[in-house]
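The block underneath contains the structure these notes are about, expressed in structure tokens.
The values are calculated or read from the model by the stated rules, or taken from the named source; none is laboratory data. Computed from a prediction, not measured in an experiment: that's the story for all the values here. Heads up, the Cβs are rebuilt from the backbone with ideal geometry, glycines too, and the neighbour counts pull from every protein chain shown. Areas reflect the complete protein model, heavy atoms only, side chains present, ligands, DNA and RNA absent. Shrake-Rupley method; radii C 1.70, N 1.55, O 1.52, S 1.80 Å.
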Amino acid sequence: MTTTPANPPELRDFYEDPTVPVASGTPRSRRQARMLAEALEAEGGAAMPGHGTGRPRTILDIGCGDGTAAATAAPFLPGHRIVGIDWSQDALRRARTRIPYAVRGELTGGGLPLRTGAADAVLFSEVIEHLVDPDAALDEIRRVLRPGGHLMLSTPNLAAWYNRALLLAGVQPVFSEVSLRAIHGRPGREVVGHLRLYTARALREFVAASGFEVVRLAGAPFHGVPRPLRPLDRLACARPSLASILLLHARRA
């Protein structure tokens, strides 16, 4: 996961630990890739087979982790160049086995190794919840995007349908963490380093305040939902404010 230079050493060490999960479920990656393909096709970019061709686009997968999400998205974005960017050297080693381009970069401090306006689109998949300074991160993403460039952001939903019930029962919401060492007070077994969580309303307001025009907000299921509850989780996607994962499409203003 991409982190910031201001993070304390122990948090950097946490993200360099190869046992820390760096990939999320494929349903989210596929939905996000389809959303981006539709947006690029609408403005004349090379996209889905049978729909003609256009100028190839440069797409950054910032916080690419092990490259799984970028590799899942690639078939939906033929003709475009996807570049994975991550802070973790361990994640980049794994990403290079799945995608052609993977480089090291940070969102704050020295910034990304790209000129201003170099990218046509950014995939920012389940990264923002790990950041100490999300404001600076969106500032840097806005810098590297061309005017009108696309931001495809996904993040867990604090107000997911089951989290509302858990809070009423006095249980810590899923996705939230109070420690980097162990899970306390909520379901689940893996510590993944979530520092911030968003509701649909908060995410919209935050992204708009950072200089983006919000185009669409959609929902996606969470692969960690117990199997008997997965039909409910898929149904909740129809109402993004209740969905497990928030998928936001915005454009650089």
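Quick look at the values:
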quantity	calculated
Which listed residue is among the aliphatic types (A, V, I, L, M), assigned to a helix (DSSP H, G or I), open to solvent by 50 Å² or more (accessible area, probe 1.4 Å) and under 16 Å from PRO134 (Cα atoms), from ALA202, ALA208	ALA208
Extreme residue, nearest to PRO240 (Cα to Cα), among residues of segment 157-183 that are in contact with an Asp or Glu (Cβ under 8 Å, 6 or more places away or on another chain) and open to solvent by 60 Å² or more (accessible area, probe 1.4 Å)	TRP161
Strands (runs of 3 or more DSSP E) within segment 95-188 that include 1 or more residues in contact with a His (Cβ under 8 Å, 6 or more places away or on another chain) and in contact (Cβ under 8 Å) with a residue 24 or more places away in the chain	119-125, 145-156
Residue within segment 189-197 that is open to solvent by less than 40 Å² (accessible area, probe 1.4 Å), at negative phi, of a type in the set (Val, Ile, Thr) and at pLDDT 95 or above present	no
The lone exception for ALA69 - which of (1) of a type in the set (A, V, I, L, M, F, W, C); (2) modelled with pLDDT of 90 or more; (3) open to solvent by less than 40 Å² (accessible area, probe 1.4 Å); (4) more than 29 Å from ALA182 (Cβ to Cβ) it fails	(4)
Candidate set from segment 221-253 (those that are assigned to a loop (DSSP other than H, G, I, E, B) and of a type outside the set (A, V, I, L, M, F, W, C)); member that is farthest from GLY149 (Cα to Cα)	PRO226
Residue in segment 118-139 that is of a type in the set (Gly, Ala, Ser), surrounded by fewer than 23 Cβ atoms within 10 Å (Cβ to Cβ) and modelled with pLDDT under 95 present	no
Test: GLU190 is more than 27 Å from ARG57 (Cβ to Cβ) and of a type in the set (Asp, Glu)	yes
Odd one out for GLU16, checked against (1) at pLDDT 65 or above; (2) open to solvent by less than 30 Å² (accessible area, probe 1.4 Å)	(2)
